[in-house]
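**Student:** For reference, the structure I am asking about is given below.
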Amino acid sequence: MEMIASSAPATHAMPRLALGPPLYYWPRATMFAFYEAMADTALDIVYLGETVCSRRHELRLADWLAIARSLRNAGKEVVLSTQVLLESGGDVSTMHKVTGNGDFIVEANDMGAVRQLAGHVPFIAGPHLNIFNADTLRLFAQWGATRWVMPLEMNRDDLATLQAERPASLATEVFAFGRLPLAFSARCFTARHLDLPKDDCRFSCLAHPDGLLMKTREGEDFLVLNGIQTQSSRVYNLLADMPDLTRLRVDVLRLSPQSSNMAGIIDLFDVARHEATGAGRALADACALQVAPACNGYWHGRPGLDHVVQTL
Amino acid sequence: MSCRATVTARLDPKATRATLEPFELVCPAGSLPALKAAVDNGADCVYVGLRDATNARNFAGLNFDDAAMATGIAYAHARHRKVFMALNTYPQATNPALWRRALDHAAASGVDAVILADPGLMRYAATQHPNLRLHLSVQGSATNHDAINFYHEQFGIRRAVLPRVLSMEQVEYVVTRTPVEIEVFGFGSLCVMVEGRCALSSYVTGESPNTHGVCSPAKAVRWQETPRGLEARLNGVLIDRFGSNEQAGYPTLCKGRFDVAEDRNYYAIEEPTSLNTLELLPKLMEIGVRAVKIEGRQRSQAYVAEVTRVWREAIDQSHLKGHRYIAKAPWMVSLEQFAEGRQHTLGAYHRPWK
């Protein structure tokens, strides 16, 4: 059984819990109710904003800011996330409004957003910026990043190398729960499924609160279509890897929203971060609450869809 | 031909608009014979990679060793053409020295530019080799002027290759807002995902363009004859199944057939198809795009020769005829034979994508 090194101060041992930005398109009332429920959880940090598709406008920036203020009043650290793929002039303008909001810290999800923030205000470097090595990590610290999110594809050994070399000012966040946002496209695959052009998509993502499942021709769940984003069908889950995460002094764990049982998932991570040794049992409990079977291959340096069971 | 730049001409950083410079045809070469075929058929520039994970076409038996690189550069330079070296994967945490060495090597070998995606490697290049011309790779995922200008301000990049996701208006929007030269893809296999933002391959196989310079790597592919047809699997996952009357294509995982809800057996993400923007060439030149890139370092010498020949002729015709240019039928027929699935698309330039 792996124990937390007794010499490690307790303040380093327990990661904070973050709720990642919402990746799906939910009706306005659903979204408001979801975040109202999140205010009562053990979350330390909440990321807000539309990161996937500019056609999704059940909530406008003013709505996100209203949710942000109410979550801040509930004691959460709130971050506004920028859209990952910017194509039109309108997309760039929206990004400028987020980076220039003047109140909440921003997660930059493309280098255009980094340009708006670098040297002006502290920011968070999002998971799609491809920070794979220490040279690049140091650059982001110089530009003013106070936290970076490890690329989804990175494994724990590479992270260990970067943790040893990271600037002191930089906290590390790891995507630890949820369907993996694996790819982004100019095309909308949900609209394509309905034979609709993207600019007349009829907001069909609203019908799929956890994305639209794509199976192989032998009926195996494979990927999930989420508008212009493609996700894993499996739910990435590092609950059982909590001893690793603690040992590597990961500062923040990102839990990506799903449409049901999110508070229960947060509870399990909260328990596990307090007593990492019970993580194996917690994973079994989480599997009953998540929308699909678990995977954790990337963390172990394997194909992402693999599920590696640690013998503790 | 009127549109050849000399190798030694370095751009004046103040001379920023593309109109001052000729429009360039940038062609792929995965081997020395392919490089020569590109040069002989009218490429202005040839892009190449080394035999390792430092570039996004890290395929067995492909790419250049030291001797081939030296010969290729000499061959191109003798004919006043340029050679670009792609070092466009992301240096991995435990072995960044591999990428730094490759960059030092590129600078010493006399290439005309290096094509990079990683900011850390750009900083290294700008510091250690200040005279080396830097191009931002498509793997850098820069789709907007803010992103491109940031790389320009930080590292002095001179050119950016746009991901294959923007419409013509969007390309023009970028071109008019940056001093950086813009290069776009004109022909070849189509990534439907934003380059540099796709981990589908590593999700299934453990290796991706970002980390290993490969997509749907051949070593993970298994072909199997079954009573239901010829099955193509990637690390065990069924990507496609071909009937006896169908031509079996390589199982690139985003171009397989899948089931979504009641829709069975369709190309849920993208058909096996190639990008071909030959008919848009005058418009691309008119809006100030500086260069057009042909995909396919993994393709044959014959592919490089023929695709280069057709595009050279088209560019020259476009210069001569301006608005009276039309993409000639024989050009399209000739390119058709090299297209994936023998199909073409205008990709993000046509409406269903918008």
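The values are calculated or read from the model by the stated rules, or taken from the named source; none is laboratory data. Remember, predicted model here, so these are calculated numbers, not experimental data. Please note: Cβ atoms are built from the backbone with ideal geometry, for glycine as well, and neighbour counts cover all protein chains shown. SASA here: full protein model, heavy atoms, side chains in, ligands and nucleic acids out. Shrake-Rupley method; radii C 1.70, N 1.55, O 1.52, S 1.80 Å.
**Student:** Quick one: which bits of the stretch B:229-265 get at least 50 Å² less accessible when the partner protein chains are in, versus the chain alone, with a 1.4 Å probe?
**Tutor:** B:Val237, B:Leu238, B:Arg241, B:Phe258, B:Asp259, B:Val260
**Student:** Between Rg and the Kirkwood Rh of chain A, both from Cα atoms, what is the Rg to Rh ratio?
**Tutor:** 0.94
**Student:** Need one number: the % of Cα-Cα pairs in the stretch B:200-266 sitting beyond the 17 Å mark.
**Tutor:** The share of Cα pairs beyond 17 Å in the stretch B:200-266 comes to 42 percent.
**Student:** For A:Lys198, go through the lysines and keep the ones whose alpha-carbon is under 30 Å away, minus same-chain ones fewer than eight residues off.
**Tutor:** Those lysines meeting the cut-off are A:Lys97, A:Lys215, B:Lys255, B:Lys283, B:Lys293, B:Lys354.
**Student:** Can you give the longest run of chain B that contains no GluC sites (Glu not before Pro) sitting in a DSSP loop with at most 14 other Cβ atoms inside 10 Å?
**Tutor:** B:1-245
**Student:** What ranking do A:262-275, B:74-87 get when scored by the average of other Cβ atoms within 10 Å per residue, highest first?
**Tutor:** Those peptides, ordered most packed to least, come out B:74-87, A:262-275.
**Student:** I've got another one for you. Sort the stretch B:298-354 into rounded, prolate or oblate with this rule: let a ≥ b ≥ c be the square roots of the eigenvalues of the Cα gyration tensor; rounded if a/c is under 1.5, and if a/c is not under 1.5, prolate when a/b is larger than b/c, oblate otherwise.
**Tutor:** Taking the square roots of the gyration eigenvalues as a ≥ b ≥ c, the stretch B:298-354 is oblate.
**Student:** I would also like to ask the following. At 1.4 Å probe size, with every protein chain present, just tell me what the per residue accessible area of the stretch B:200-266 comes to in Å².
**Tutor:** I get 45 Å² per residue for this part.
**Student:** Restrict the search to the stretch A:139-230; then list the GluC sites (Glu not before Pro) that DSSP places in a loop and that have at most 14 other Cβ atoms within 10 Å of their Cβ.
**Tutor:** A:Glu218, A:Glu220
**Student:** Also, I was wondering about something else. Quote the total accessible area buried by chains A and B together, excluding ligands, DNA and RNA, probe 1.4 Å, nearest 100 Å².
**Tutor:** 5800 Å²
**Student:** Are there trypsin sites (Lys or Arg not before Pro) in the stretch B:114-223 that DSSP puts in a loop and that have at most 15 other Cβ atoms within 10 Å, and which ones?
**Tutor:** Passing sites in the stretch B:114-223 are B:Arg177.
**Student:** Another question, if that's okay. Rounded to whole Å, give me the distance from the Cα center of the stretch B:78-120 to that of the stretch B:138-153.
**Tutor:** Spelled out, the Cα-based centre of one part sits 18 Å from the other.
**Student:** Using a 7 Å offset from Cα along Cα-Cβ at A:Val121, what residues in the stretch B:132-149 end up with backbone N under 19 Å from the label point?
**Tutor:** B:146-147
**Student:** Given a Förster radius of 25 Å and the C-beta distance between A:Ser260 and A:Ala62 as r, what FRET efficiency does 1/(1 + (r/R0)^6) yield to the nearest 0.05?
**Tutor:** Plugging the Cβ-Cβ distance into 1/(1 + (r/R0)^6) gives 0.35.
**Student:** Continuing with this model, one more query. Dividing the alpha-carbon Rg of the protein assembly as shown by 2.2 N^0.38 Å yields what?
**Tutor:** 0.94
**Student:** Shape call for the stretch A:1-138 from the C-alpha gyration tensor, a ≥ b ≥ c root eigenvalues: rounded (a/c under 1.5), prolate (a/b greater than b/c) or oblate?
**Tutor:** Judged from the Cα gyration tensor, the stretch A:1-138 comes out oblate (a/c at least 1.5, b/c at or above a/b).
**Student:** At 1.4 Å probe size, with the rest of the protein present, what percent of the exposed accessible area of the protein assembly as shown is carbon and sulfur atoms?
**Tutor:** About 51 percent, which is the carbon plus sulfur part of the accessible surface.
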